[in-house]
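One structure is given here, and the rest of the page talks about it.
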Amino acid sequence: MKINSNFLKLIDYIFLMVFNLYITQNIYISFIFSTLIYLGIYAFRTYDFENIESWNDTIIRVFAGMMLGFIVILSFYAIFDKYISKEYFLDNFLFNIIVLPLVHKISYYMLIKNITPKKYIVIGKKEEWYKLMNEIEKKSLGKLQFVEYINPSPVKLKKLIKVYDGVLVADPKLEKLVIDEINEFKENGIKVEYLPVIVERFLKRIPIQVAEKFKSHYEVAFSEIKESPAKRIVDIFISLIALIILSPVFLLISIAIFIENGKPIIFKQKRIGKDEKEFVLIKFRSMYNNKNKAEKFADKERNRIMKSGKIIRPIRLDEIPQFINILKGEMSFVGPRPEQPGFVKQFNELIPFYEFRHKVKPGLTGWAQINYKYPTTLEETKIKTSYDLYYVKNRTTLLDLKIIMQTIEAIFWKKGI
């Protein structure tokens with residue numbers, strides 16, 4: 001049987017369903033409760049194999065996700081009071097904190113034990129690709145190994161393919177030198193992979209280096225990007241619900257800011273949105289007033305953060321007013337973070353393909369935000385942009401839902417966003 005994260009998710013859900021059915025003796029209630037606990041555990045990236053490798057990491061993530069599920073279940077106490085009790089939570093806690101990490105660890109060892117490495121010849125220069133290939137090898141848990149880098153000749157390629165499992169094309173220009181051999185390999189069932197496919201599958205981002213090398217491929221892909229009308233409907237629904245539910249929090253934060261440092265309560269700043277159109281982003285002011293209007297990375301202004309700001313910024317409560325931006329259609333709930341005009345102009349000149357992150361509306365949360373830290377250098381900005389480009393090219397409703405759920409984990413672990 002193939003062991004992967006999907007298999008593990010299914011096993012966990014079955015365990016949760018059976019155990020909750022045993023406790024509640026009601027299939028409908030067990031379905032609802034199991035689903036809520038499972039979604040909480042999923043939100044904390046418990047099923048990423050790099051997290052499963054560590055016992056401590058697995059237990060912490062199962063615990064945090066389970067607590068999130070419990071909180072959501074408690075919010076329905078008025079409806080399900082018959083089934084919610086201290087005993088229910090205690091039984092679930094003991095079961096989940098013991099059984100699930102154990103299942104995850106066994107699955108991980110089975111996966112590692114049964115991996116058969118695929119060894120590839122890389123058509124490309126080692127000095128150009130070694131670092132990236134090493135990252136892919138680690139992410140694939142050793143399933144892919146890149147053992148030979150060649151500036152190819154037909155004779156050498158045909159000789160090497162006899163002892164390896166396939167070819168990875170990392171340079172389209174070099175591929176042209178052996179295109180007849182590549183086509184022959186494909187006809188004979190020999191594995192021929194292309195770097196954009198591999199890098200997106202395992203790294204879940206589009207490195208700028210790869211986008212430049214396969215420029216025509218990505219220019220065509222990004223030219224076909226269109227936003228879904230359904231996403232706009234979801235944005236309106238989410239923003240309305242959020243503004244209603246969070247209105248008491250809105251009021252409390254406003255009072256706290258006013259007491260500490262007076263007006264303005266709301267911070268306004270020009271940002272760049274879809275198709276590089278300017279809009280005014282709003283958020284709660286979390287820094288002391290400053291007459292200097294120069295654009296800076298946020299980490300350069302930590303000395304200006306107010307006491308209230310030190311509370312609301314780590315858990316992103318300062319971003320609540322942006323639901324108004326979403327309601328107005330200037331932003332989406334999920335998308336690349338909107339940047340300041342000066343930075344956009346600078347990055348458009350320094351980072352190839354940067355402009356394509358503006359093919360969709362900017363978001364309150366996003367793929368780059370949950371996967372990478374706040375950038376403070378140009379190189380870090382390039383890496384974060386690679387996640388934005390992946391999102392723009394591969395956006396689906398399921399990916400949006402995954403991002404929304406894992407935003408909770410990103411805030412809890414104080415990373416990204």
For the pair residue 270/residue 35, report the inter-label distance in nm, with labels modelled 7 Å from Cα in the Cβ direction. 4.7
Sort the range 229-412 into rounded, prolate or oblate with this rule: let a ≥ b ≥ c be the square roots of the eigenvalues of the Cα gyration tensor; rounded if a/c is under 1.5, and if a/c is not under 1.5, prolate when a/b is larger than b/c, oblate otherwise. oblate
The long-range amide H neighbours of residue 267, using H built 1.01 Å from N in the peptide plane and a cut-off of under 5 Å, are 283, 284, 285
Along the charge dipole of the chain, Cβ charges K/R +1 and D/E -1, which of 92, 183, 410 sits furthest on the positive end? 410
Just to be sure I understand: if I project the alpha-carbon convex hull of the range 118-203 onto a plane and average over all orientations, what area do I get in nm²? 5.0
Provide the per-residue ³J(HN,Hα) series for the range 235-240, in order, calculated from phi with Karplus coefficients 6.51, -1.76, 1.60 and θ = phi - 60°, each as a whole number of Hz, with x at glycine and proline positions. 4, 5, 4, 4, 5, 5
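What 222 nm value per residue comes from the helices of the chain, counting each DSSP H run with n ≥ 4 as -39,500 (n - 2.57) and dividing by all residues, nearest 500 deg cm²/dmol? Walk me through the numbers before you get to the answer.
Working: 21 runs with 244 residues, N = 417.
For the chain, the value works out to -18000 deg cm²/dmol.
Can you tell me the convex hull volume per residue for the chain, based on C-alpha atoms, in Å³ to the nearest whole number? The partial results should precede the final answer.
On the way: hull volume 72.7 nm³, N = 417.
With only Cα atoms used, the chain gives 174 Å³ per residue.
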Point-charge dipole on Cβ atoms (K/R +1, D/E -1) for the chain, about Cα centre, debye to 20: 800
What list of ³J(HN,Hα) values in whole Hz, one per residue of the range 362-372 in order, does the Karplus curve 6.51 cos²θ - 1.76 cosθ + 1.60 (θ = phi - 60°) give from phi, with Gly and Pro shown as x? x, x, 6, 9, x, 4, 5, 5, 8, 10, 8
I'd like the Karplus ³J(HN,Hα) series for the range 96-103: coefficients 6.51, -1.76, 1.60, θ = phi - 60°, whole numbers in Hz, and an x wherever there's a Gly or Pro. 5, 6, 9, 6, 4, x, 5, 4
Selection from 192, 166, 153, by position along the positive dipole direction of the range 118-203 (Cβ): 166
Links exceeding 20 Å between C-alpha atoms in this model, out of 204/270; 119/159; 268/382, come to 204/270; 268/382
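Which shape class applies to the range 1-44: rounded if a/c is under 1.5, otherwise prolate when a/b exceeds b/c and oblate if not, where a ≥ b ≥ c are the square roots of the Cα gyration tensor eigenvalues?
Here the range 1-44 falls in the oblate category.
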Comparing 84, 326, 383 in a Gaussian network model of the chain (Cα, 10 Å), the one with the largest mean-square fluctuation is 84
On the principal axes of its Cα set, how long, how wide and how thick is the range 5-114? Give whole Å, largest value first. 46, 22, 19
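Arranged from highest to lowest average of other beta-carbon atoms within 10 Å per residue, in what order do the peptides 236-242, 61-67 appear? Show your work: numbers first, answer last.
On the way: 236-242: 15.4, 61-67: 21.9.
In descending order of packing, they fall as 61-67, 236-242.
Any read-out appearing in this document is the output of simple, stated calculations on the displayed coordinates, not a laboratory observation. It should be emphasised that the depicted structure is a prediction, and the values quoted were computed from it without experimental measurement. All Cβ positions, glycine included, derive from the backbone under ideal geometry; neighbour counts span all protein chains shown.
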